[in-house]
Amino acid sequence: MAMLRLFVIISFMLISVAESNAQNIVNGDGTPFATKYCWENKNYPITGMPGGGSFTGCGVFEDNGTWYFNPAIASQATTIFPYQCFISYMVNNTTVNLPILVAKPVVVTPALQDTATCNGDFYLHATMAYAGDYDYTWLPSAVVSQPHSPNTTGHVDQTTTFVLMATDRASGCTGYDTMKVVHEPAPTLKVSNDTTIFPGDHAQLSVSGAKTYVWSPVQWLDDPFSVTPVATPHDATTYTVKGTDEYGCSATAQVHVSLFESMFLPNAFTPNGDGNNDKFKMVNIGYNRIQEFRVFNRWGQQLFYAVGNTDGWDGTFNGKPQESDTYYYILLIGMTDGSQKTLKGDVTLIR
């Protein structure tokens, strides 16, 4: 429950009892005694004249020789307001009684003490513990749409603490409470790099920057809610992850997983000059990069060497066409995620 914070709008002075022609109760400064109080947990020192007497009644007590009156103590046994009771002062076998009226507490109860916003828009709502007619004021009022309503919307560009003040029209008493709107920008997600894998292999994905995560599509993922899911896609797939922070603000990021089956090396080629399959080369290399490409004959002699994304081997060595035979290759590929893959195999040259 929200902490009760109240202050008095009707101001009353310290209480004392004085004697003129008849014994009477007056304020400490000699002004007439105020008999109406806002509910508040505050001690008012009281004295009586002539001295030497004692007080009884609602909300009065003595502490170290000093008498006090407290409106909250006076009305602690009731929930019905306004509450009326009496203070009595007796001295020299003479007693004077005066009525005291304690107004109902003005208790503002926020629906939420704190609320969060990702885009700056917010909604605040509060209720009153006791029914009645109240005047309301939100502070600061410049950023709310309804500054004189218990329910309001608004927009902030930074975390802001709002105060809702409520004044009971019947008593003039005022209470307040605070509500904080926490402005949280969308989280910044950091994900693993795009990568390329061989069919049947897996890709280790990762994400950070939020509190909870959901990956999609869930197909071929071991755990769509993990910060480090393992993907084993059968086709090239773009995974989208949605991250949500503790305030409910979210952001998305993507990781693309390619498969080597989308880029391939033929197992034979026919360098006959007809324009079809004349060169032995990597097909559909995509964003990956060939770092080294070597071709050897069956005796281990290197016939072809290239660095970078080459147009491939044309089946010659030092300008001389090579015979139909089986040749062997080593291909070093730089992947988009910064890793390297080495492919080894053989190819048949057909003339």
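The values are calculated or read from the model by the stated rules, or taken from the named source; none is laboratory data. Treat the numbers as computed from the prediction; the structure is a model and nothing was measured. Positions of Cβ are backbone-derived with ideal geometry, glycine not excepted, and every protein chain shown enters the neighbour counts.
Here are the numbers:
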quantity: Of residues in the stretch 87-108 being closer than 16 Å to CYS173 by Cα and not charged (D, E, K, R), the one surrounded by the fewest Cβ atoms within 10 Å (Cβ to Cβ); calculated: LEU101
quantity: All strands (runs of 3 or more DSSP E) inside the stretch 98-203 with 2 or more residues being over 24 Å from the mean Cα position of the chain (by Cα); calculated: 121-128, 134-139, 160-168, 174-183, 195-197
quantity: Scope the stretch 194-208; condition in contact with a helix residue (DSSP H, G or I) (Cβ under 9 Å, 6 or more places away or on another chain), over 18 Å from GLN219 (Cβ atoms) and of a type outside the set (Ser, Thr, Tyr); matching residues; calculated: PHE198
quantity: Residue list for the stretch 32-86, filter: part of a strand (DSSP E or B), under 20 Å from GLY175 (Cβ atoms) and free of Cβ contacts under 8 Å to residues at least 24 places away in the same chain; calculated: TYR83
quantity: Any hit, the stretch 265-277, residues being more than 30 Å from THR316 (Cβ to Cβ) and not small (Gly, Ala, Ser); calculated: no
quantity: Whichever residue in the stretch 62-75 is surrounded by fewer than 14 Cβ atoms within 10 Å (Cβ to Cβ) and among the polar types (S, T, N, Q) and, among such residues, is modelled with the highest pLDDT; calculated: ASN64
quantity: Scope the stretch 318-336; condition more than 60 Å from the chain's Cα centre (by Cα) and either among the acidic types (Asp, Glu) or surrounded by 15 or more Cβ atoms within 10 Å (Cβ to Cβ) (or both); matching residues; calculated: GLN322, GLU323, ASP325, TYR327
quantity: Residue pairs meeting the criteria (Cβ under 6 Å; at least 6 apart or on separate chains; first in contact (Cβ under 8 Å) with a residue 60 or more places away in the chain, in the stretch 306-333; second surrounded by 15 or more Cβ atoms within 10 Å (Cβ to Cβ)); calculated: TYR329/VAL295; LEU331/PHE293; LEU331/LEU343
quantity: Single residue of the stretch 233-262 satisfying the filter (hydroxyl-bearing (Ser, Thr, Tyr) and not in a strand (DSSP E or B)) that is nearest to PRO217 (Cα to Cα); calculated: SER262
quantity: Evaluation of ALA210 against (1) more than 28 Å from GLY308 (Cβ to Cβ); (2) in contact with an Asp or Glu (Cβ under 7 Å, 6 or more places away or on another chain); (3) not in a loop (DSSP other than H, G, I, E, B) (one fails), failing number; calculated: (3)
quantity: Residues of the stretch 134-170 satisfying the condition of being more than 16 Å from VAL108 (Cα to Cα) and polar (S, T, N, Q); calculated: SER141, SER145, GLN146, THR153, GLN158, THR159, THR160
